[in-house]
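S.K.: Can you keep this structure in mind? I'll have questions shortly.
The values are calculated or read from the model by the stated rules, or taken from the named source; none is laboratory data. All values derive from a computational prediction rather than experimental measurement. Counting neighbours? That spans all protein chains shown, and the Cβs are built from the backbone with ideal geometry, glycine included.
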Amino acid sequence: MGSRSVPFFNYPHVFVAHEEELMSVIQDVGRRGAYILQRDLEEFEQNLAQFTGAKHALGVANGTDALILALRVAGIGSGDEVIFASHTYVATAASVHFVGATPVPVDCRTDHLIDPESVKAAITPRTKAIMPTQLNGRACDMDSLQAIADEYNLLIIEDAAQGLGAQYKGKCAGTFGLAGTISFYPAKVLGCFGDGGAILTNDDTLYEDLYALRDHGRNSKGDVVGWGLNSRLDNLQAAILNFKLQRYDQEMVRRREIASIYQEHLADLQALLLPPAPGSEPDHFDVFQNYEIEAECRDELKADLREQGIGTLIQWGGKAVHQIDVLGLSASLPYTEKMFTRCLMLPMNTSLSDQDVEYVCEKIRRFYSKD
Ligand SMILES: *Cc1c(COP(=O)(O)O)cnc(C)c1O
């Protein structure tokens with residue numbers, strides 16, 4: 001195989017791959033002058049609810065706002081503790097901080113998702129909620145988390161920013177707890193062309209509260225029923241998301257195909273730990289937002305792949321949330337800390353050809369055969 005360039009993510013591709021159709025979506029919205037809280041947003045919310053099986057879906061400005069609004073309407077605030085996996089985006093913990101509560105980081109397991117044992121060990125009389133991150137397009141062990149939540153009377157609010165379409169026992173990420181949140185950041189599994197987010201919930205009262213909170217406190221009749229903010233999902237972004245959601249099944253299929261190619265070519269390498277293969281566990285349906293491996297000599301591998309034109313990424317800039325000193329969330333989380341010396345994300349997106357993926361595998365195999 002000759003040399004080629006395999007960028008980690010191809011930002012122009014998400015537009016160019018459907019340029020003509022997207023231009024007509026944008027033109028249609030513009031010609032209708034439909035910018036804020038218009039029919040495209042309503043339709044997208046309905047389609048998203050239907051796709052996930054949630055009773056309600058509400059578009060908001062971004063995935064971080066989604067978390068903050070969800071925590072706020074759930075009544076979480078000053079004096080409360082919220083448990084989250086430290087292997088997550090800093091936004092998960094920041095949302096807890098910004099409602100006045102204390103984020104409590106816990107460990108993850110070999111699939112890189114929250115460890116229920118670690119959750120249990122972190123519970124105090126002040127614990128109010130568990131906020132599991134449905135990381136890398138995979139849902140957590142929700143039965144174990146629900147059992148803990150039931151035992152200790154805790155809420156579950158899911159950070160499903162990376163988990164749209166991922167399932168656990170046939171149920172979609174984002175629909176397990178009181179509320180779940182999604183991000184439509186451009187590089188997410190379902191990305192728009194800017195910022196966007198959504199909140200999923202089956203709770204009618206919570207939905208009404210969120211509906212008003214995201215739009216200056218106004219209810220569906222336009223009456224101000226309380227204090228509110230402006231955290232609306234742009235109608236133009238909603239129109240684009242509607243277009244992409246219609247093709248989302250293919251997106252999931254292709255990501256799982258790519259994961260299968262990695263699995264096929266890399267599974268026998270002792271130096272690597274791969275994510276669970278698609279279809280290998282009956283309880284899980286993973287959508288591979290990321291393909292995050294653990295690798296011996298990770299930094300050398302990353303540099304070597306860079307030289308071969310292959311882009312890789314270490315998630316969150318190489319630190320779990322509790323390792324970001326300025327945030328002051330000190331904890332001792334053995335698996336997470338070891339993992340952050342070893343974790344690496346390989347290219348995973350629908351701009352990749354089978355040959356691109358095979359090229360990445362070939363270069364990884366060559367790296368480990370050197371010594
Ligand atoms: C992307 C992401 C967020 C934040 O979403 P934004 O839309 O960028 O605000 C939160 N949590 C996780 C796990 C994410 O990956």
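S.K.: I'm trying to understand the selection: among the residues of segment 150-193, which are within 22 Å of Ala94 (Cβ to Cβ) and among the β-branched types (Val, Ile, Thr)?
M.R.: If the condition is that a residue be within 22 Å of Ala94 (Cβ to Cβ) and among the β-branched types (Val, Ile, Thr), then Ile156, Ile157, Thr181, Ile182, Val189 are the ones that fit.
S.K.: When you check Gln134 against the structure, is it without any contact (Cβ under 8 Å) to a residue 60 or more places away in the chain and closer than 19 Å to Ala320 by Cβ, yes or no?
M.R.: yes
S.K.: Tell me whether segment 316-324 contains one or more residues that are without any contact (Cβ under 8 Å) to a residue 12 or more places away in the chain and more than 30 Å from Lys171 (Cβ to Cβ).
M.R.: Yes.
S.K.: Of the conditions (1) within 16 Å of the ligand (Cβ to nearest atom); (2) closer than 19 Å to Ile148 by Cβ, Glu117 fails just one. Which one is it?
M.R.: Condition not satisfied by Glu117: (1).
S.K.: Considering only residues of segment 344-371 that are acidic (Asp, Glu) and in contact (Cβ under 8 Å) with a residue 40 or more places away in the chain, which is nearest to Leu301 (Cα to Cα)?
M.R.: Out of the qualifying residues, it is Glu362.
Yes/no per residue for (1) among the basic types (Lys, Arg); (2) within 16 Å of the ligand (Cβ to nearest atom):
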position	(1), (2)
Val60	no, yes
Phe84	no, yes
Ala91	no, yes
Val104	no, no
Arg109	yes, no
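S.K.: Next question. Determine whether Gly53 is surrounded by fewer than 23 Cβ atoms within 10 Å (Cβ to Cβ), more than 21 Å from Gly228 (Cβ to Cβ) and modelled with pLDDT under 95.
M.R.: no
S.K.: Please give the helices (runs of 4 or more DSSP H) falling wholly within segment 35-130 in which 1 or more residues are free of Cβ contacts under 8 Å to residues at least 24 places away in the same chain and within 24 Å of Asn202 (Cα to Cα).
M.R.: Answer list for segment 35-130: 39-52.
S.K.: Restricting attention to segment 62-82, and to residues there that are out of contact with any strand residue (DSSP E or B) (no Cβ under 6 Å at 6 or more places or on another chain), among the aliphatic types (A, V, I, L, M) and within 13 Å of the ligand (Cβ to nearest atom), which single residue is farthest from Arg232 (Cα to Cα)?
M.R.: Leu71
S.K.: Just checking, which of Phe184, Phe176, Phe193 is surrounded by fewer than 24 Cβ atoms within 10 Å (Cβ to Cβ), in the same structural domain as Ala139 (by TED's automatic domain parsing) and within 16 Å of the ligand (Cβ to nearest atom)?
M.R.: Phe193
S.K.: Would you please name the residue that is nearest to the chain's Cα centre (by Cα), looking only at residues in segment 234-283 that are of a type in the set (Asp, Glu) and assigned to a helix (DSSP H, G or I)?
M.R.: In this case the residue turns out to be Glu251.
S.K.: A follow-up question, please. Mind telling me which of the residues Ile199, Ile240 ends up being modelled with pLDDT of 95 or more, closer than 25 Å to Gly163 by Cβ, assigned by TED's automatic domain parsing to the domain that holds His56 and in contact with a strand residue (DSSP E or B) (Cβ under 9 Å, 6 or more places away or on another chain)?
M.R.: None of the others qualify; the one that does is Ile199.
S.K.: Would it be correct to say that Gln27 is surrounded by fewer than 15 Cβ atoms within 10 Å (Cβ to Cβ), under 27 Å from Leu229 (Cα atoms) and more than 16 Å from the ligand (Cβ to nearest atom)?
M.R.: no
S.K.: Given the options Thr341, Thr336, name the one that is touching a residue at least 12 places away in the same chain (Cβ under 8 Å), assigned to a loop (DSSP other than H, G, I, E, B) and either of a type in the set (Ser, Thr, Tyr) or on the phi > 0 side of the Ramachandran plot (or both).
M.R.: Thr341
S.K.: Of the residues Ile293, Ile310, only one is touching a residue at least 40 places away in the same chain (Cβ under 8 Å), more than 17 Å from Leu113 (Cα to Cα) and among the β-branched types (Val, Ile, Thr); which?
M.R.: Criteria check complete, one pass: Ile310.
S.K.: Out of (1) crowded, with 18+ Cβ neighbours inside 10 Å; (2) within 10 Å of the ligand (Cβ to nearest atom), the odd one out for Leu213 is which?
M.R.: For Leu213, the exception is condition (2).
S.K.: Oh, and also: Gly163: buried (at least 23 other Cβ atoms within 10 Å of the Cβ) and not in a helix (DSSP H, G or I), yes or no?
M.R.: So Gly163 passes the test.
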